[in-house]
Amino acid sequence: MWGGRFAAGPAAIMEEINVSIDFDKRLAAQDLAGSRAHAQMLVAKGILSQEDGTAIARGLDQVAAEIEAGRFTFRRELEDIHLNVESRLAELIGPAAGRLHTGRSRNDQVATDFRLWVREACDHAGERLTLLQRALLAQAEAHAETIMPGFTHMQPAQPVSFAHHCLAYVEMFARDRGRFADARKRMNESPLGSAALAGTPYPIDRQMTAQALGFDRPMRNSMDAVSARDFALEYLAAASIAATHLSRLAEEIVLWAAPAYGFIKLSDAFTTGSSIMPQKRNPDAAELVRAKTGRILGSFVALSTVMKGLALAYAKDLQEDKEAVFQAADALDLALAAMAGMAADLKPQPQNMRRAAEAGYPTATDLADFIVTTLKKPFREAHHSAGAIVKLAEEKGVALADLPLSAMQTVEPGLTDKVFAVLKLESSLHARTSEGGTAPARVREQIAFWRKELA
Ligand code: ARG
């Protein structure tokens, strides 16, 4: 394809390091779409004859059919997807195939193909995130009154509902969707027609090809167009952040499913057994979701390292962009699907959540607040008294609500039996009515919002 001034073929090791067809065949559909748009434009502008245009279009359709049917032979000696398609086209339609590359270069071709691929990956990630959000919302809908300990420092802090906890992740995944959508908007400009780097003397119409490929407009600068990969970095950055959210949820699922917590049960569908310990039910899917984050973040680091210090315009370094993105996209796709499955599958265990909540004296803040409002004490003093009362309960081995009033009065003589109303987990939960709080009424507002949003 490019051997005019070469006397000998490449060394075997040259072919080995140069070849990209093994992975860039994943760009086949995008490459064909780009070629179709380019050929149509060449005909419209009178650069290519109608007959050649028709032959090319038909040939490209046949190549597409062969690839789809798995009948296409990808040849490593043809380097990449672009040359594989063009070479097969030549076999199918003869010399007219050689006119397809008029006014374009593999540099704008690959930049276009890859943008199209990443654009789709953004949409796909958005869809997968939505499915995960729906699964979490369904759990929330059933558990606005299910009390669990809310933690800080992994210490039981205050009672929250399981719904509130699930909806916190729905929020994170919404922002992740926003990041993919923003990235998509910014990347949706066409590099096609920038040719090698400087543009082309042919009277091409870049608006036309941009439109045919669903881009908002052509990129303004041909050198930027062939060398920019920040669109891929943005995808990887959004994927990395989403993966950190997935990993946090995965970690919680691992903890919650552990017998020591017992907050949830995972079904056989998302667990594995041990080959030696028959009693085990391991949360492997959650663990693997947690681990995939490494791969995804690694891809971001890999590609940003490739890009740093790269002089304009195209250099073969840029061929390394694809595997990083493919690897991250595959991992993200799997992680999102597995997490959506687990989120739908997990069965909360309200009694165990409640027991853990009670054990942690999580209404101590409510007691302090009660002392502030009824005994008109400054919060700092009330905090001290509530701490002393918790200590008494701890010594007696009872929950705060089960400590006799007389014991509490040794610390705060002014306390009356009205205090018991605030020491219950339920009253603590229902009291947190501030905007965004865990009170069931507030949580139901969140649920109503997301039900509409995710419909
Ligand atoms: N396989 C190449 C890549 O992925 C296509 C572009 C090659 N361009 C070139 N001038 N050698 O980047």
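The values are calculated or read from the model by the stated rules, or taken from the named source; none is laboratory data. Remember, it's a predicted structure, so these values are computed and weren't measured experimentally. Here the Cβ positions follow ideal geometry from the backbone for every residue, glycine too, while neighbour counts run over all protein chains shown. The accessibility values were calculated without ligands, DNA or RNA, using every heavy atom of the protein model including side chains. Shrake-Rupley method; radii C 1.70, N 1.55, O 1.52, S 1.80 Å.
Here is a yes/no grid of residues against (1) of a type in the set (Ser, Thr, Tyr); (2) at pLDDT 95 or above; (3) under 24 Å from ALA142 (Cβ atoms); (4) not in a helix (DSSP H, G or I):
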| residue | (1), (2), (3), (4) |
| --- | --- |
| SER299 | yes, yes, no, no |
| LEU312 | no, yes, no, yes |
| ASP333 | no, yes, no, no |
| LEU336 | no, yes, yes, no |
| MET339 | no, yes, yes, no |
| ALA356 | no, no, yes, no |
| ASP366 | no, no, no, no |
Residue that is surrounded by the most Cβ atoms within 10 Å (Cβ to Cβ), among those in region 402-415 that are free of Cβ contacts under 8 Å to residues at least 40 places away in the same chain and either touching a helix residue (DSSP H, G or I) at 6+ places or on another chain (Cβ under 7 Å) or in a loop (DSSP other than H, G, I, E, B) (or both) = MET408
Here are some residues: GLY9, GLY94, GLY53, GLY59. Which one is more than 29 Å from TYR202 (Cα to Cα) and away from the ligand (no atom under 16 Å from the Cβ)?
-> GLY9
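Among the candidates SER274, SER247, which residue alone is open to solvent by less than 70 Å² (accessible area, probe 1.4 Å), in contact (Cβ under 8 Å) with a residue 12 or more places away in the chain and polar (S, T, N, Q)? Lay out the reasoning, then the answer.
Values: SER274 fails: in contact (Cβ under 8 Å) with a residue 12 or more places away in the chain.
Going through SER274, SER247 in turn, just one is open to solvent by less than 70 Å² (accessible area, probe 1.4 Å), in contact (Cβ under 8 Å) with a residue 12 or more places away in the chain and polar (S, T, N, Q): SER247.
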(1) assigned to a helix (DSSP H, G or I); (2) over 23 Å from the mean Cα position of the chain (by Cα): which one isn't true of GLY150, the others all being true?
-> (1)
Might you check whether a residue that is open to solvent by 70 Å² or more (accessible area, probe 1.4 Å), assigned to a loop (DSSP other than H, G, I, E, B), touching a residue at least 40 places away in the same chain (Cβ under 8 Å) and of a type in the set (Lys, Arg) occurs anywhere in region 420-437?
-> yes
Across region 291-327, what is the total count of residues that are within 16 Å of the ligand (Cβ to nearest atom), closer than 18 Å to THR244 by Cβ and open to solvent by 40 Å² or more (accessible area, probe 1.4 Å)?
-> 2
Could we say that ALA121 is assigned to a helix (DSSP H, G or I) and either open to solvent by 10 Å² or more (accessible area, probe 1.4 Å) or away from the ligand (no atom under 16 Å from the Cβ) (or both) here?
-> yes
Of the residues LEU288, LEU236, which is away from the ligand (no atom under 16 Å from the Cβ), in a helix (DSSP H, G or I), open to solvent by 40 Å² or more (accessible area, probe 1.4 Å) and at pLDDT 95 or above?
-> LEU288
Quick check, is LEU48 within 16 Å of the ligand (Cβ to nearest atom) and either open to solvent by 40 Å² or more (accessible area, probe 1.4 Å) or on the phi < 0 side of the Ramachandran plot (or both)?
-> no
Name the pairs whose Cβ atoms lie under 6 Å apart, with the first residue in region 177-201 and within 21 Å of ALA329 (Cβ to Cβ), the second of a type in the set (D, E, K, R) and within 16 Å of the ligand (Cβ to nearest atom), and 6 or more positions between them or separate chains?
-> MET187/ARG115; PRO191/ASP108
Got a sec? Which of PRO440, PRO350 is out of contact with any strand residue (DSSP E or B) (no Cβ under 6 Å at 6 or more places or on another chain), modelled with pLDDT of 95 or more and open to solvent by less than 10 Å² (accessible area, probe 1.4 Å)?
-> PRO440
Between a first residue in region 144-160 that is farther than 14 Å from TYR361 by Cα and a second residue that is assigned to a loop (DSSP other than H, G, I, E, B), which pairs have beta carbons less than 7 Å apart while being 6 or more apart in sequence or on different chains?
-> none
Of all residues in region 72-113, which are open to solvent by 50 Å² or more (accessible area, probe 1.4 Å) and touching a residue at least 40 places away in the same chain (Cβ under 8 Å)?
-> PHE74, ARG75, ARG76, GLU77, ARG99
